[in-house]
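Take a look at the structure set out below.
No value in this document is a laboratory result; all are computed from the given coordinates. This structure is a prediction, so every number in the text was calculated from the model and none was measured. A quick note on method: Cβ atoms are made from the backbone with ideal geometry, for glycine too, and the neighbour counts reach across all protein chains shown.
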Amino acid sequence: MAVEEKVEMTTSEREIMRVVWTLGEATSKDIIDVLEAKKEWKPATAKTFIGRLVKKGFLLAEPEGNKYIYSAAISEEDSVKTAAHRLFDQICHKQAGKTIADMLSEAPLSHQDVELIQQVLNDKKKHAVDEVACNCVPGQCKCSTH
Ligand SMILES: [Zn+2]
């Protein structure tokens, strides 16, 4: 099973996946029951997203009687990692530090989380550079280092 997501998962599709990740296996009714309240989606809307997820390869559909049992083809952890990597692929590397700092300020964190981040930072400190190199195509950022 590929860890990298080849195609993007939309915000709405992620809502569906979160239900499947939580339940392990789910019918479309299980998914609809959870999301009807949260998103006020009509069953047809949820079914459209489920169909797209199957087509994109994120959901596996196992026929059982007159319905399908859905399970995830990618773990939640891998998917979240991919989404985070994708964000950093889309910004100038020079902005990564500031972006992470902003995310950190906004994020609700436990003592354990802070401990973990501190460990990573201690490690990063050993390998930090004086200046991060820009990774952009000229014309897509205002870095003066091109
Ligand atoms: Zn740049």
Item to complete: Could you tally up the Lys pairs in region 57-146 with alpha carbons closer than 16 Å? Skip any pair fewer than 8 positions apart unless they're on separate chains.
Response: 5
Item to complete: Would you grab the residues whose amide H sits under 5 Å from the one on N135? Only those 5+ places off in sequence or on another chain, please, with H modelled 1.01 Å from N.
Response: H93, K94
Worksheet item: Against the longest alpha carbon principal axis of the chain, how many degrees, from 0 to 90 and to the nearest 10, is the axis of helix 76-89 turned?
Response: 40 degrees
Worksheet, complete the sentence: One finds the C-alpha centres of region 84-146 and region 58-77 to be spaced, in Å, by 35 Å
Discussion item. With angles folded into 0 to 90 degrees, how steeply does helix 111-127 sit against the dominant principal axis of the chain? Use alpha carbons for both and round to 10.
Written reply: 40 degrees
Response to the item:
So for the chain, using the alpha carbon gyration tensor with a ≥ b ≥ c as root eigenvalues (a/c under 1.5 gives rounded; past that, a/b versus b/c decides prolate or oblate), I'd call it prolate
Worksheet item: What nm distance separates the two modelled labels at E62 and E115, each placed 7 Å from Cα along Cα→Cβ?
Response: 3.7 nm
Discussion item. For K39, give me every one of the lysines with a C-alpha distance below 17 angstrom, ignoring sequence neighbours fewer than eight places off in its own chain.
Written reply: K29, K47
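Which order do peptides 39-46, 16-23, 50-57, 114-121 fall in by mean Cβ count within 10 Å, highest first?
Working: 39-46: 14.1, 16-23: 19.6, 50-57: 16.9, 114-121: 11.0.
Result, highest mean first: 16-23, 50-57, 39-46, 114-121.
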Worksheet item: Say we join alpha carbon atoms closer than 10 Å with springs in a Gaussian network model of the chain; which of K124, K98, K81 then has the biggest fluctuation?
Response: K124
